[in-house]
Amino acid sequence: MAIREVLTWPDARLLEVASDVPRVDDAVRALIDDLFDTMYDAPGVGLAATQLGVPWRVVVLDTRDEAGQKTPLALVNGRIVEREGTILWREGCLSLPGITAEVERSARITVEYLDRDGQPQRLEAEGLKAVCIQHELDHLDGQLYVDRLGRLERKATLLEYAEVQAEEAAERAADDAIAPQRSAS
Ligand code: NI
């Protein structure tokens, strides 16, 4: 188990379409463990293998229960088989840190997947959990939530992202520049 680096936009590996996992073996279970470790460390509510540069159809999420307790869920080869209604949700993404945008999704979904033992499962979800599953499965098709926005809103959101990244880089550079003085005093 390990915390791994999360790729950030515009890394080209985020645009890859992932392949189905042929068999849920120990290597897949190790990937699931790394995804959970990385997601909880970030912290985030979901993470896709694509975001670690692994082109397999594996995602994890944890939207917690009403009491705030952990409810870890790993989906291998997940596929949405039913959709109903629409919902608008403000989403963020560990691959686009520092920004959020409202995205329209299906309000209720049914998803079929393999669990970490390779057993077929079927799950109905709504609200945050439904949004999160759709967001993570999109990653496996090389799609980020900004790709669900209209053309102009997508552009504005990515410009905001570039600004946030530039500001943070400038702050880091400033911290580095004053660090020797701090240590000297
Ligand atoms: Ni994401």
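So the check is Cβ under 6 Å with 6+ separation or different chains; which pairs have a first residue in the range 20-37 that's in contact (Cβ under 8 Å) with a residue 12 or more places away in the chain and a second one that's of a type in the set (A, V, I, L, M) and open to solvent by 50 Å² or more (accessible area, probe 1.4 Å)?
Between residues of the range 20-37 that are in contact (Cβ under 8 Å) with a residue 12 or more places away in the chain and residues that are of a type in the set (A, V, I, L, M) and open to solvent by 50 Å² or more (accessible area, probe 1.4 Å), the close pairs are D33/M1; D37/M1; D37/I3.
Considering only residues that are within 16 Å of the ligand (Cβ to nearest atom) and within 16 Å of T71 (Cα to Cα), look in the range 104-135 and name the one that is surrounded by the fewest Cβ atoms within 10 Å (Cβ to Cβ).
Among those residues, the one meeting the criterion is L128.
Output yes when any residue across the range 156-170 is part of a strand (DSSP E or B), away from the ligand (no atom under 15 Å from the Cβ) and charged (D, E, K, R), and no when none is.
No: the range 156-170 contains no residue that is part of a strand (DSSP E or B), away from the ligand (no atom under 15 Å from the Cβ) and charged (D, E, K, R).
What's the total number of residues in the range 67-103 that are within 16 Å of the ligand (Cβ to nearest atom) and open to solvent by 30 Å² or more (accessible area, probe 1.4 Å)?
Residues meeting the conditions: 8.
Going through the range 136-155 one residue at a time, which ones are open to solvent by 60 Å² or more (accessible area, probe 1.4 Å), away from the ligand (no atom under 13 Å from the Cβ) and without any contact (Cβ under 8 Å) to a residue 40 or more places away in the chain?
R151, L152, R154, K155
Please find, among R90, R4, R105, R79, the residue that is of a type outside the set (S, T, N, Q) and assigned to a loop (DSSP other than H, G, I, E, B).
R4
Table: residues versus (1) surrounded by fewer than 18 Cβ atoms within 10 Å (Cβ to Cβ); (2) closer than 18 Å to T71 by Cβ; (3) modelled with pLDDT of 95 or more.
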{"residue": "R13", "(1), (2), (3)": "yes, no, yes"}
{"residue": "D20", "(1), (2), (3)": "yes, no, yes"}
{"residue": "L52", "(1), (2), (3)": "no, no, yes"}
{"residue": "W56", "(1), (2), (3)": "no, no, yes"}
{"residue": "V60", "(1), (2), (3)": "no, yes, yes"}
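Applying the selection to the range 39-48, what residues are assigned to a helix (DSSP H, G or I) and either surrounded by fewer than 21 Cβ atoms within 10 Å (Cβ to Cβ) or away from the ligand (no atom under 12 Å from the Cβ) (or both)?
Hits for the range 39-48 are Y40, D41.
The values are calculated or read from the model by the stated rules, or taken from the named source; none is laboratory data. Fair warning: this is a prediction, and the values are worked out from it, not measured in the lab. We place every Cβ from the backbone using ideal geometry, glycine too, and count neighbours over all the protein chains shown. Only protein heavy atoms, including side chains, enter the accessible area calculation; ligands, DNA and RNA are left aside. Shrake-Rupley method; radii C 1.70, N 1.55, O 1.52, S 1.80 Å.
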